[in-house]
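Participant: This is the structure, below, for whatever I ask next.
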Amino acid sequence: MQKILVARPIFPDVIERLKQYFDVDWNQGDVLPADEFTRRLADRDGALTAGDPVGAAVLAAAPRLRVVSNMAVGYNNFDMAAFNAANVLGTNTPDVLNESTADFGWALMMAAARRIAESEHWLRAGKWEKWAYDAFLGGDLYGSTLGVIGMGRIGQALARRAKGFNMQVIYHNRSRVAPEIEAELNAEYVSKQDLLRRADHVVLVLPYTQENHHTIGAAELALMKPSATLTNIARGGIVDDAALVEALRSKQIAAAGLDVFEGEPKLNPDLLTVPNVVLTPHIASATEATRRAMANLAADNLIAALGEGPRAGRPPNPINPEVIGRARS
Ligand code: GLV
């Protein structure tokens, strides 16, 4: 039997599925420190990860390892150049999380715009004594302009929801999406600067790469309207969190919604001191159905990539399909 490491606690029935094919080392505890993760991979043929960093050193220490299946659509935890050099396949879990993640983007954006978390904390603190015409005035979504940075599958799902809010949709992306998608979404392609100047609500849905590091920093925040909101459901590091704290404090922008943070699960402690930001612990895809679908898809990828099951040799979501069938190097 081939051997795998499941690096994180996941649904036990998915572990049972994996055990039909593999000898499974399952970490049911805390996130494995890098040295223990590397040690437990040493004799493994495959691994299931969720954000655990895998680079050249980890791969070199695991000479049998042929596939690492990430239970996430984003795979910035994988050094894909190292995967390619070692002929190790990486896989991810796209699509199954699009709608849940888009829903959550709206939830955060609306919570930021309408000051839901801030007013709820105030109410819980026993401060509500009277109705006031100017209590927690926010910004409208209906009829406003939505700016989507990153118009991939999740960005499109998010933009599709804007119709019901009669919003104008502008977007920026590495490249323009197909004309029929622009037409369906009624979305206008604009430069990043134009988007930041025009949008009432900016949502970030782009992958984290070196070139996307601090896509939103002090200079970009300075372009935004004082009434605008910023929502990040993509990855920590896309926003300069320290610059965002300053922009929120000085009311350079009205509010923000953040599901992801630089250095998470630790976060910039100053974020906890500004009231006009809604903070959630990386849960945009966290519905029961979607997390189950992601776990099962991560298992499908691993099973197929290691030559087992009904799709043997044809994993559904290869990131670097060119290495399939090549000997490990
Ligand atoms: C979650 O952040 C994912 O990339 O799926």
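Participant: Find how much the distance from Ala60 to Asp13 grows on full extension, using 0.36 nm per residue of separation minus their present alpha carbon separation; answer in nm with one decimal.
Facilitator: Details: separation 47, 0.36 × 47 = 16.92 nm, distance 3.13 nm.
13.8 nm is the gain from fully extending Ala60 to Asp13.
Participant: Taking the Cα atoms only, what angle lies between the long axis of helix 288-305 and the longest principal axis of the chain, rounded to 10 degrees?
Facilitator: So the inclination is approximately 30 degrees.
Participant: So what is log10(I(q)/I(0)) for region 25-99 at q = 0.11, 0.12, 0.15, 0.20 1/Å, when the Debye sum runs over its Cα atoms only?
Facilitator: -0.26, -0.30, -0.47, -0.82
Participant: In what order do Lys130, Lys251, Lys192 fall by count of nearby beta-carbon atoms within 10 Å, going from fewest to most? Write out the running numbers ahead of the final one.
Facilitator: Values: Lys130 5, Lys251 11, Lys192 16.
Arranged by neighbour count, lowest to highest, Lys130, Lys251, Lys192 become Lys130, Lys251, Lys192.
Participant: Modelled label-to-label distance, Trp128 and Asn268, 7 Å Cα→beta-carbon offset: nm?
Facilitator: In this crude label model, Trp128 to Asn268 measures out at 3.1 nm.
Participant: Something else now. Using Cα springs under 10 Å in a Gaussian network model of the chain, which residue among Asn301, Asn70, Asn186 shows the largest mean-square fluctuation?
Facilitator: Judging by the Gaussian network model, the answer is Asn186.
Participant: Moving on to the next point. Taking the square root of 5 times each eigenvalue of the Cα gyration tensor, what semi-axes in Å does the equivalent ellipsoid of the chain have, largest first?
Facilitator: Over the Cα atoms of the chain, the ellipsoid semi-axes are 39, 22, 18 Å.
Participant: Hey, what number do you get for the chain at 222 nm if only DSSP H runs of n ≥ 4 count, each worth -39500 (n - 2.57), divided across all residues, to the nearest 500?
Facilitator: Working: 12 runs with 108 residues, N = 329.
Value at 222 nm, helices only: -9500 deg cm²/dmol.
Participant: Could I ask something else about it? So if I take the centroid of the Cα atoms in region 267-329 and the same for region 140-208, what is the distance between those two points in Å?
Facilitator: Comparing the Cα centres of region 267-329 and region 140-208, I get a distance of 25 Å.
Participant: Based on the mean of other Cβ atoms within 10 Å per residue, sort peptides 40-49, 260-269 so the most packed one is first. Walk me through the numbers before you get to the answer.
Facilitator: Details: 40-49: 22.0, 260-269: 14.7.
Averaged packing, sorted descending, gives the order 40-49, 260-269.
Participant: Enumerate by residue number the trypsin sites (Lys or Arg not before Pro) in region 267-329 meeting two conditions: DSSP loop (anything except H, G, I, E, B), and at most 16 other Cβ atoms within 10 Å of the site's Cβ.
Facilitator: Loop-located and lightly packed - Arg311, Arg326, Arg328.
Participant: Among Ala178, Val202, Ile238, which residue has its Cα positioned farthest towards the positive end of the charge dipole of the chain, with +1 placed on the Cβ of Lys and Arg, -1 on the Cβ of Asp and Glu, and the dipole taken about the Cα centre?
Facilitator: Highest projection toward the positive end goes to Ala178.
Participant: Glu246 to Ala42: FRET efficiency via 1/(1 + (r/R0)^6), r the Cβ-Cβ distance, R0 45 Å, to the nearest 0.05? Kindly include the intermediate steps, with their values, before the conclusion.
Facilitator: Details: r = 46 Å, r/R0 = 1.01.
It comes to 0.50.
Participant: Let me ask another. List the GluC sites (Glu not before Pro) in region 107-202 that DSSP assigns to loop (not H, G, I, E or B) and whose Cβ has at most 12 other Cβ atoms within 10 Å. Which are they?
Facilitator: Values: sites: Glu118, Glu120, Glu129, Glu180, Glu182, Glu184, Glu188; in loops: Glu129.
Passing sites in region 107-202 are Glu129.
Participant: I want to make sure I understand the PRE zone here: with the label point 7 angstrom from the Cα of Glu211 toward its beta carbon, which residues in region 308-328 have backbone N atoms less than 19 Å away?
Facilitator: Label zone hits: 320.
Participant: Where does each of 88-94, 27-33 land if you order them by average Cβ count within 10 Å, highest first?
Facilitator: Numbers: 88-94: 24.9, 27-33: 12.3.
Top of the packing list down: 88-94, 27-33.
Participant: Choose one answer from Ile233, Ile170, Ile319: the residue with the largest mean-square fluctuation in a GNM of the chain with alpha-carbon springs under 10 Å.
Facilitator: Ile319
No lab work stands behind these numbers, since they all come straight from the coordinates. None of these values were measured; they are calculated from a predicted model. Positions of Cβ are backbone-derived with ideal geometry, glycine not excepted, and every protein chain shown enters the neighbour counts.
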